[in-house]
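K.L.:
Can you read through this structure? Questions will come right after.
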Amino acid sequence: MADDVETTATYWEARIKTYGFHRVTDLCLFKVSLENFEVFRLGHPLCRMGEEGIPLVLTFAQVTPQGLSASFVVPHLFEGSVRERLQETVDPDGEGVALQVFPVEVIFFYGPHFGDRYGIAEAALQSLAGSGIHPTATACSGSCVYLVLPEGKSDEAVRVLSEAFDIPRASAQKSPGVKQA
Amino acid sequence: MGEKIPMEGVNVSPKMARVSLNHACREGSLTTGFLHPIAQERINMNLLIEEEGKEGGRILCCVAGADGTRTGRVIDDTLELSERAVVHEPVGLISIFPLRSSFKTVGLALIALADAHVPVYGFCSSLSALTFVIDHDHLDEALAAFEGCFAFPGERTAGR
């Protein structure tokens, strides 16, 4: 018998379970492109927005060949304030090259062992693609999957996802401003 | 520096591999071209950021260091992707757990990392965590920088 036998256990389901799909509408996605030397400047306007009580629904960022592409999803109600704060930092001339804004909706969901399993984001995106729905962005860390969708698409997306995933009957408590499928 | 913002905790990861990928095709091709073979290889992504834009798609994902080579092989086998994908090792993830999601937490964290000269390759918020992708060798500096502006309770979880 081999000395180096290793047994690996993996949690697996034929149909992936979730605790339901949470849908948030009336949102704006701000995409900020920063060159390397500008990245350090981003922290200050973010702190200021936090102190002003502007809520943050989701943020994600990744390096680009030029620097960093950072995204912030906020309630539509705060679009003007966020635009003003970010423009002061990344687009002071108002050329709009470094700052883009899109009306979006967000779906997020989580489930058992989502943090240490493979294939969950793929299953979600595959089922959406099959119905012609293409998220603007997908962000997953820890055990939660976030899908950023163009405005008006989240309702249909929840319907499609509900067919692909298994949702327990008992629904969790709703959070304020968040609709649950 | 004002009063430290209380956190529920902090976590640092073991060595990981960071995969950056740019793709000219749009509308779902990244799913079939990258995510599907990764899932078939049973590779778990601890962090995934995927964006679609005018120029095409862009992905940042982090996998366990032990899966870095296998992930690279999957990318190489997917010829369409191989020209635009890069695997970087080793990186680390540092996650802080705020009591609630806030712009201020993100801002303070970015300022702290910048002041400590720690390059940031990506970040992502979640229900309870805010995770930063940095060089694995910089995790200690990042932790020290965060301890300057955030208050962490008790012992921290170290995965290294």
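The values are calculated or read from the model by the stated rules, or taken from the named source; none is laboratory data. What you see is a predicted model, and the numbers here were worked out from it, not measured in a lab. All Cβ positions, glycine included, derive from the backbone under ideal geometry; neighbour counts span all protein chains shown.
K.L.:
Every residue in the range A:78-99 that is modelled with pLDDT under 90 and within 12 Å of chain B (Cβ to nearest Cβ), please. If you could, list the steps in order and put the result at the bottom.
P.N.:
Residues of the range A:78-99 that are modelled with pLDDT under 90, as a first pass: A:87-99.
Listed by number, the list holds a single entry, A:89.
K.L.:
Determine which member of the set A:91, A:116 is surrounded by fewer than 20 Cβ atoms within 10 Å (Cβ to Cβ) and not assigned by TED's automatic domain parsing to the domain that holds residue A:161.
P.N.:
From the options A:91, A:116, the qualifying one is A:91.
K.L.:
Only one of A:46, A:128 is more than 7 Å from chain B (Cβ to nearest Cβ) and buried (at least 19 other Cβ atoms within 10 Å of the Cβ); which?
P.N.:
A:128
K.L.:
Got at least one residue in the range B:93-106 being touching a Gly at 6+ places or on another chain (Cβ under 8 Å), within 18 Å of residue B:35 (Cα to Cα) and in a helix (DSSP H, G or I)?
P.N.:
No.
K.L.:
Considering only residues of the range A:150-181 that are buried (at least 17 other Cβ atoms within 10 Å of the Cβ) and at pLDDT below 90, which is farthest from residue A:30 (Cα to Cα)?
P.N.:
A:167
K.L.:
Residue A:74: within 30 Å of residue A:122 (Cβ to Cβ), touching a Cys at 6+ places or on another chain (Cβ under 7 Å) and either at pLDDT 95 or above or away from chain B (no Cβ under 11 Å) (or both), yes or no?
P.N.:
Spelling it out, residue A:74 is indeed within 30 Å of residue A:122 (Cβ to Cβ), touching a Cys at 6+ places or on another chain (Cβ under 7 Å) and either at pLDDT 95 or above or away from chain B (no Cβ under 11 Å) (or both).
K.L.:
If you go through the range A:30-40 one residue at a time, do you hit one that is touching a Leu at 6+ places or on another chain (Cβ under 8 Å), hydrophobic (A, V, I, L, M, F, W, C), facing another protein chain (nearest Cβ under 10 Å) and closer than 21 Å to residue B:109 by Cα?
P.N.:
Yes: the range A:30-40 contains one or more residues that are touching a Leu at 6+ places or on another chain (Cβ under 8 Å), hydrophobic (A, V, I, L, M, F, W, C), facing another protein chain (nearest Cβ under 10 Å) and closer than 21 Å to residue B:109 by Cα.
K.L.:
Okay, next question. Exactly one of these conditions fails for residue A:91: (1) under 18 Å from residue B:39 (Cα atoms); (2) out of contact with any Ser or Thr (no Cβ under 7 Å at 6 or more places or on another chain). Give me its number.
P.N.:
(1)
K.L.:
Just give me the residues in the range A:55-71 being at the interface with chain B (Cβ under 9 Å from one of its Cβ atoms) and either among the aromatic types (Phe, Trp, Tyr) or not in a loop (DSSP other than H, G, I, E, B) (or both), in sequence order. Write out each step before concluding.
P.N.:
Filtering the range A:55-71 for residues at the interface with chain B (Cβ under 9 Å from one of its Cβ atoms) gives A:55-65, A:68-71.
Passing the criteria: A:58, A:59, A:60, A:61, A:62, A:63, A:68, A:69, A:70, A:71.
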